[in-house]
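See structure below.
The values are calculated or read from the model by the stated rules, or taken from the named source; none is laboratory data. Note that this is a predicted model, so its numbers are computed, not measured. Every residue, glycine among them, receives a Cβ derived from its backbone with ideal geometry; neighbour counts consider all protein chains shown. Surface areas here come from the heavy atoms of the whole protein model, side chains and all, with no ligands, DNA or RNA. Shrake-Rupley method; radii C 1.70, N 1.55, O 1.52, S 1.80 Å.
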Amino acid sequence: MLSRARTGTFLTFALAGLLIGVWVARLPALAAKFGAGEGEVGIVVLAWGLGAVVAMQALRGLMSRAGSRAVLWAALPLTSLSFAAVALAPGYGLLLGAVVLFGMAFGVTDIAMNAQGSVVERAYRRPVMSGMHAGWCVGAMSGGVFGVGTAAAGLGFTATVLAAALLALPAGLALGRTYLPDPPRPAAAAAGTGRGGRRMPAAVYLIGVLGFLAFMTEGSIADWSGLFLHEEMGAGEAVAAAGYPVFELAMLLGRLVGDRVRTRVGTRRLLTGAGLGTAIGMTVVVLSPGPAVAIAGFFLTGLVVCTVVPTAISLAGTAAPDRPAAAVAQVGAMGYGGLLLGPVVVGFLAEATSLRVGVGSVIVLALVIAAGAHFVRLGAGADATAPATPAEAPAAADPNDTQPEPVPA
């Protein structure tokens, strides 16, 4: 049962990543279909992101009341249906409406699958969240390959996106059977939810800031790595296009071992090391004499920054143990805000100074992550276990002990 839930949640991350991989890979085809310029495509991407952020924030209370399993059971198929609506939109105006719906459905799916990952992690009583996010990398890379393959086969935006949506719909419905129920909420927490819920503990917002900064970093590299390699490093288009896939591959490799590293060194050291490692990697990128060294820097950056977001989501589930789903929703919404804002900040700095300076701003974000890790409050279950019920609680638990207890898998 527990193994099936872990596999199902991993596949949910992979399915969500696949849809986004297809979406990103075929954005040029979307522009061709609607005759849209860069500004209009930018509005489409912004509409998707705003829809996701609004849904994440607005439905925090629903997540708290209904739980991740019920929300995810409905949201994942709705994401596929809204993606199909994007494919079938006949005009730019209707496209924007469909994209907003797609963003909202995806935003709810994102927070629900992260909350479900937190439920599975608490049941395992050891870190598994980084491995869940590795599923996202697998899906995103697969979606990118699917997009490239359909483009090479001559399929347009409508056919490609519709095919992906129709393939994802039955898969999403089947995965609904694998999810674990959320643990019962204390009566006091349920009574205090009210309209929109009580305010989250301050620890949740601090964790959200770390997620915000990590998402800013990832978004900035995703949107600007190719242009940086082409314009600043003088790379050809083919070499410049390799920057982001290399970064994504490193993210996948890092997340596959991230849970074991976190178990071995502890959460605080992992976050500090990830921040410092990201700063070093991006320093290599900014100071690189040519494309090869810059791409190596992007690989190093992906290898270490990849652990910050899964760890932040995992910590959110323990920072508010009476409302883990709502806490994950809050951190997720803050993270997506960084995903939207990061590329804009880099673009503004690049316009005012240079692209090298703009991309170099990521170094500052990474150093703030490293410093902020020292202020994150680690609960008793931060590295190994879910908060115990009163009947199971040890007589004298040390809340500062972040080393895991041996528990059978």
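Number of residues in the stretch 235-270 that are among the hydroxyl-bearing types (S, T, Y) and under 14 Å from T301 (Cα atoms) equals 1. Within the stretch 3-16, residues that are buried (at least 23 other Cβ atoms within 10 Å of the Cβ) have Cβ atoms under 7 Å from residues that are among the acidic types (D, E) in these pairs: A16/D110, counting only partners at least 6 apart in sequence or on another chain. Just checking, does the stretch 26-35 include any residue being among the aromatic types (F, W, Y), more than 23 Å from the chain's Cα centre (by Cα) and more than 17 Å from M132 (Cβ to Cβ)? Yes, that holds for at least one residue.
Given the options G154, G149, G176, name the one that is without any contact (Cβ under 8 Å) to a residue 40 or more places away in the chain and either more than 30 Å from A250 (Cβ to Cβ) or among the basic types (K, R) (or both).
On the way: G149 fails: either more than 30 Å from A250 (Cβ to Cβ) or among the basic types (K, R) (or both); G176 fails: without any contact (Cβ under 8 Å) to a residue 40 or more places away in the chain.
From the options G154, G149, G176, the qualifying one is G154.
Taken as a whole, the stretch 251-263 holds at least one residue that is closer than 21 Å to M129 by Cβ, among the polar types (S, T, N, Q), out of contact with any Gly (no Cβ under 6 Å at 6 or more places or on another chain) and open to solvent by 40 Å² or more (accessible area, probe 1.4 Å). For the stretch 223-239: of the residues being small (G, A, S) and assigned to a loop (DSSP other than H, G, I, E, B), which is modelled with the highest pLDDT? Checking each candidate, the answer is G234.
Got a sec? Which of A316, A333, A312, A320 is within 16 Å of the chain's Cα centre (by Cα) and at pLDDT below 85? Don't jump to the end; show me each part of the working.
On the way: A316 fails: at pLDDT below 85; A312 fails: at pLDDT below 85; A320 fails: within 16 Å of the chain's Cα centre (by Cα).
None of the other options fit; the residue is A333.
Here L271 fits the description: modelled with pLDDT of 90 or more and under 21 Å from C137 (Cα atoms).
Any idea which of L78, L72 is assigned to a helix (DSSP H, G or I) and open to solvent by 10 Å² or more (accessible area, probe 1.4 Å)? From the options L78, L72, the qualifying one is L78.
So that you can scan it fast, the table gives a plain yes or no per residue for (1) at pLDDT 90 or above; (2) part of a helix (DSSP H, G or I); (3) among the basic types (K, R):
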| site | (1), (2), (3) |
| --- | --- |
| R122 | no, yes, yes |
| P127 | no, no, no |
| A140 | no, yes, no |
| L162 | yes, yes, no |
| R195 | no, no, yes |
| R199 | no, no, yes |
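With the condition kept exactly as written, say whether any residue in the stretch 372-384 is at pLDDT 85 or above and open to solvent by less than 20 Å² (accessible area, probe 1.4 Å). So far as the stretch 372-384 goes, yes, one or more of its residues are at pLDDT 85 or above and open to solvent by less than 20 Å² (accessible area, probe 1.4 Å). Set side by side, the residues R255, R264 differ, and just one is over 15 Å from the mean Cα position of the chain (by Cα), modelled with pLDDT of 80 or more and within 23 Å of R125 (Cα to Cα), which is R264.
Okay, residues lined up against (1) among the small types (G, A, S); (2) closer than 26 Å to A32 by Cα; (3) in contact with a helix residue (DSSP H, G or I) (Cβ under 9 Å, 6 or more places away or on another chain); (4) open to solvent by less than 10 Å² (accessible area, probe 1.4 Å):
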{"residue": "C137", "(1), (2), (3), (4)": "no, no, yes, yes"}
{"residue": "M141", "(1), (2), (3), (4)": "no, yes, yes, no"}
{"residue": "A151", "(1), (2), (3), (4)": "yes, yes, yes, no"}
{"residue": "T160", "(1), (2), (3), (4)": "no, yes, yes, yes"}
{"residue": "L180", "(1), (2), (3), (4)": "no, no, yes, no"}
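The combined condition, being modelled with pLDDT under 95 and either over 18 Å from V246 (Cβ atoms) or open to solvent by 10 Å² or more (accessible area, probe 1.4 Å) (or both), is not fulfilled by V284.
For the stretch 66-123, the set of residues classified as β-branched (V, I, T) and more than 15 Å from the chain's Cα centre (by Cα) consists of V71, T79, V86, V99, V100, V119, V120, listed by residue number. Considering the conditions (1) touching a Lys or Arg at 6+ places or on another chain (Cβ under 9 Å); (2) under 18 Å from G21 (Cβ atoms), Y244 is excluded by exactly one of them, (1).
The set of residues from the stretch 52-65 being assigned to a helix (DSSP H, G or I), in contact (Cβ under 8 Å) with a residue 24 or more places away in the chain and either open to solvent by 30 Å² or more (accessible area, probe 1.4 Å) or among the polar types (S, T, N, Q) (or both) comprises V53, V54, Q57, S64, R65. Scanning the stretch 81-102 for residues that are among the aliphatic types (A, V, I, L, M) and open to solvent by 40 Å² or more (accessible area, probe 1.4 Å) returns L81, A85, L88, L94, L96, V100, L101.
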